[in-house]
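Q: Starting off with a structure, shown below.
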Amino acid sequence: MRSLRVIVVAVLAVGALSGVAAYEHGRPQVQAWHEIAWPFPRDGWPAGRAFHCAMASCGDDVELYVRPKIGFCNCDSGIADDDEVDRVADLDLMSERFVALAPGMMVRIANMPGRIRTYDLRMTDGSRHAAVGIAVSRRCDLLVAVAQGKGDASSVQRVTLEFLATDDMVRWTTAALDGR
């Protein structure tokens, strides 16, 4: 009887662990994203932070670039429309050849309102990538993010928003906009 209990407990433990593993595999983890060097030349704004998430963790190789643009927002209306996302979201750092796939949507990141929009991005080597441009505001300051990958835009958008919502990224975005 005792050995039957041990077997039942072992089977339940294995089942619980495999259920947790399946749940964890279905969503990108903070550890899946690795910080990489900011790849773009200097411009009028300070360099931001750049991250890479491998295919095994995010379903595709995705790169994300995030930076604050202090004092670069309409203090009254914030991010007003999709044209503003097109102008400020740093897509042009990757390629000047990008086309919006659909109208943008409202988004909230680190408790800041803004807009998100998906794009088809033609790289300098002629390849096509899906891209997501994000611009959110707090007072007169912007936080912009652009992510790109070879997969579909909805997947790039999903993993990017999940990563930007992590506690570490929320703390960093708040500190970056506070000038710390």
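The values are calculated or read from the model by the stated rules, or taken from the named source; none is laboratory data. Quick caveat: nothing in here was measured; it's all calculated off a predicted structure. Quick reminder, even Gly has a Cβ in these numbers, built from the backbone with ideal geometry, and neighbours come from all protein chains shown. Accessible surface areas use protein heavy atoms only, side chains included; no ligands, DNA or RNA. Shrake-Rupley method; radii C 1.70, N 1.55, O 1.52, S 1.80 Å.
Q: What are the pairs, 6+ residues apart or on separate chains, where a residue within region 164-180 that is polar (S, T, N, Q) has its Cβ under 7 Å from a residue that is in a loop (DSSP other than H, G, I, E, B)?
A: As it stands, the answer is Thr173/Ala110; Thr174/Ala110, since those pairs meet every condition given.
Q: Taking the condition of being over 17 Å from Arg87 (Cβ atoms) and at pLDDT 95 or above, how many residues in region 109-129 meet it?
A: 0
Q: Restricting to region 133-180, give me the number of residues that are open to solvent by less than 50 Å² (accessible area, probe 1.4 Å), outside any helix (DSSP H, G or I) and closer than 19 Å to Asp60 by Cα.
A: The number of residues fulfilling the criteria is 7.
Q: Taking region 137-163, which residues are under 10 Å from the mean Cα position of the chain (by Cα) and under 16 Å from Gly104 (Cβ atoms)?
A: Matches in region 137-163: Ala145, Val146, Ala147, Val156, Gln157, Arg158, Thr160, Leu161.
Q: Sticking with this structure for a sec: Tell me which of these Arg108 doesn't satisfy, since it passes every other one: (1) open to solvent by 70 Å² or more (accessible area, probe 1.4 Å); (2) over 19 Å from Glu63 (Cα atoms); (3) outside any strand (DSSP E or B).
A: (3)
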